[in-house]
Amino acid sequence: MSQADLTMGGHSTSVVTEPPFSIPTKKLAMWLFIIADTMTFAACLVAYGFLRNGTSDWPRPFHSITNVALMTFILLTSSLTMLIGLRAAKEGDKASAFRWTMITAVLGIAFAFLHIREWFGLIDEGMTMFKNPWGTGLFGASFFSITGLHLTHVVSGIIALLVVGVRYRSGRYNSDDIEILGLYWHFVDLVWMFVVPLVYLLNLSH
Amino acid sequence: MTTATDHKSSGIGKDLIIYFCLLALAGVQFVIAYQNIDIAQKFTRMLAVACIEASLAVLFFMHLWTEKRAFLVFVVVFTISVLLGMQYGWTDSTRMLVGAPFSNVK
């Protein structure tokens, strides 16, 4: 008996299998993306560690933790606001879900602003991709690559938050889309938990 | 659509607890940064804290804990396997400083 016979003969429910792992396809796709992106960031961080371990004059240019602590606080808080937005969306409270999604986006913008401000501060001190006044030029390359990749994810997330939030309010998207976007945003937060100690805190000048 | 979202009727309390745990753990990382210890120890401790933070975020913020067990096992085993696979080259990272690893072995 062919597949067509099975599906055309009223037996479709008996041959249609559940999605893999019994989770919706869009959510599975986001998880697979997250797993793949984890590998990308892990590869960058391992390469960074490899260079740091093998370079004797590795610079330690960070004098203060104030900025990075504030950035961490903002990003962690944005994860909480994302959760609150998702909860509101699941309860059908569109106005509240939209509001909390936009608050998350604003926190993301604040994070990106602080990050770019920090970049300009380092550039003003003479740091570029290939040289800096403190030691090996590899530091600038690895620092800008890792934080730049993370910042790209943050900016993409902000755009997605704005688009999905607006479309959710207009009824084109539903709470499942907010949930999938939330997965991405939490992942961006998660990556930062590794970037902070490895790239910033291990390079404090004290 | 949801499998992991049907559980979200427990209020915001659990999310807040996880949030404050993550803030506290992030604070611990900053404290470790100012400890007067060897850089290798510092690295190990910070990485351990980061792994705990990541686990909390994945399990509770991303709701992996409430997904199907098979999916949870798939994500955890696959990810950890690949991450561990990336660690094979560390001995080679000191090549530039001290020469090729095991070069003095006769």
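Every read-out reported here was derived from the displayed coordinates using simple, explicitly stated rules and does not represent laboratory data. Note that this is a predicted model, so its numbers are computed, not measured. No Cβ is skipped: glycine too gets one built from the backbone with ideal geometry, and neighbour counts run over all protein chains shown.
Other residues lying with their Cβ under 15 Å from the Cβ of residue A:151 contribute a combined charge of -2, Lys and Arg counting +1, Asp and Glu -1. About the centre of its Cα atoms, chain A shows a dipole size close to 320 debye [charges on the beta carbon of Lys, Arg (+1) and Asp, Glu (-1) only; nearest 20 debye]. Checking the Cα-Cα distances for A:90/B:14; A:131/B:42; B:42/B:68; A:27/A:94 against a 25 Å cut-off, the pairs over it are A:131/B:42; B:42/B:68.
Selection among B:87, B:66, B:49 by position relative to the dipole of segment B:13-89 gives B:66 as farthest towards the positive end (Cβ unit charges, Cα centre). Close amide H pairs (under 5 Å, H built 1.01 Å from N) link residue A:62 with A:205, residues at least 5 positions away or on another chain. Backbone geometry of segment B:36-48 corresponds, through the Karplus equation with coefficients 6.51, -1.76 and 1.60 at θ = phi - 60°, to 3J(HN,Hα) couplings of 8, 10, 4, 4, 5, 5, 4, 4, 4, 5, 5, 5, 4 Hz, x marking Gly and Pro.
Full extension of the chain between residue B:52 and residue B:23 gives 9.2 nm of extra length, using 0.36 nm per residue less the Cα-Cα distance.
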